[in-house]
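Inspection log for the structure reproduced underneath, given as structure tokens.
What follows draws every value from the coordinates through simple rules; no lab data is involved. Everything numeric here is computed off the predicted structure, so don't read it as measured data. When we count neighbours, we look across all protein chains shown, and the Cβ atoms used for this are built from the backbone with ideal geometry, even at glycine.
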Amino acid sequence: MSMKAPRPPYVAEGGRVGIRPFRHEDADEFTARARESRALHRPWLFPPDTAQAYAAYARARIESPDAEPLLVCERDADGAIAGYISINNIVRGGFLNGTLGYGAFAHAAGRGLMGEGLGLVLRHAFGPLGLHRLEANIQPGNEPSRALVRRAAFRLEGFSPAFILVDGAWRDHERWAITAGEVPAAGG
């Protein structure tokens, strides 16, 4: 009989998913999911798909006071990782802002799990974390990502040419944002 290490508790739970912090111990599952999802992610996203890359990625987020790295996990699948939503570049003081980075894994894509997870992240960010504003920067043409933030009530704020370095090139991005008072009362 194998004893599985217990999963850490969720910081928020919905009907089908819970969100919990990244852990170094998630490397094997996360990187396997990333490798399985390459066709889904390219050319928009390049999550770590090796143990070494995950260690650096997780360390930078887990140990940063300016980040809240969260995994979206399926509650009825023994906590299997469906995707991730990290709040990065958190600024306190008069701004109270964070920037989202996220991705679904292929087995979970199109099932509404990330939408539910994003709703939980918004309530966590605007509740316990005390943030006022979140933004998501999305490459034009990334329709699934645009649809996700649109469903969550983000608004398009503008366009930034050559904004973020992705896969060795400076890519244009649309800037989407939401503030605490704009979050829908229920759903996700």
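Magnitude of the charge dipole for the chain, about its Cα centre and with charges confined to Cβ atoms of Lys, Arg (+1) and Asp, Glu (-1), is about 180 debye. Let's test the formula: R0 of 30 Å, r as the Cβ-Cβ distance of Trp170 and Arg59. What FRET efficiency results, to the nearest 0.05? Approximately 0.70, to the nearest 0.05. Annotation: for a label point projected 7 angstrom from Cα along Cα→Cβ of Glu157, residues of the stretch 92-121 with backbone N closer than 12 Å are 95-100. Taking other residues whose beta carbon is less than 14 angstrom from the beta carbon of Gly181, and scoring Lys, Arg as +1 and Asp, Glu as -1, yields +2. Considering helices alone, the calculated mean residue ellipticity of the chain at 222 nm is -7500 deg cm²/dmol, with DSSP H runs of length four and up weighted by -39500 (n - 2.57) and normalised per residue. Given R0 = 45 Å, the distance between the Cβ atoms of Arg38 and Ala185 translates into a calculated FRET efficiency of 0.75.
Fewest neighbouring Cβ atoms within 10 Å first, the residues Asp26, Asp66, Asp49 line up as Asp66, Asp49, Asp26. With a ≥ b ≥ c the root eigenvalues of the C-alpha gyration tensor of the stretch 12-182, is it rounded (a/c under 1.5), prolate (a/b larger than b/c) or oblate? Taking the square roots of the gyration eigenvalues as a ≥ b ≥ c, the stretch 12-182 is rounded.
Classify the stretch 85-171: rounded, prolate or oblate, from the alpha-carbon gyration tensor (a ≥ b ≥ c, eigenvalue square roots; a/c under 1.5 rounded; otherwise prolate if a/b is larger than b/c)? Oblate is the answer for the stretch 85-171, as a/c is 1.5 or above yet b/c matches or exceeds a/b. Residue exposure proxy: Val121, Val183, Val149, ordered by other Cβ atoms within 10 angstrom of their Cβ from fewest to most, comes out as Val183, Val149, Val121.
Using a Gaussian network for the chain with springs between C-alpha atoms less than 10 Å apart, which of these wobbles most: Gly127, Gly98, Gly18? Among Gly127, Gly98, Gly18, the largest GNM mean-square fluctuation belongs to Gly127. Under a Gaussian network description of the chain, with springs only between Cα atoms under 10 Å, the residue in Glu174, Glu68, Glu25 that fluctuates furthest is Glu25. Counting neighbouring beta carbons within 10 Å and listing from fewest to most, the residues Tyr102, Tyr10 come out as Tyr10, Tyr102. Give the separation of the Cα centroids, the stretch 132-188 to the stretch 75-123, in Å. The distance from the Cα centre of the stretch 132-188 to that of the stretch 75-123 comes to 13 Å.
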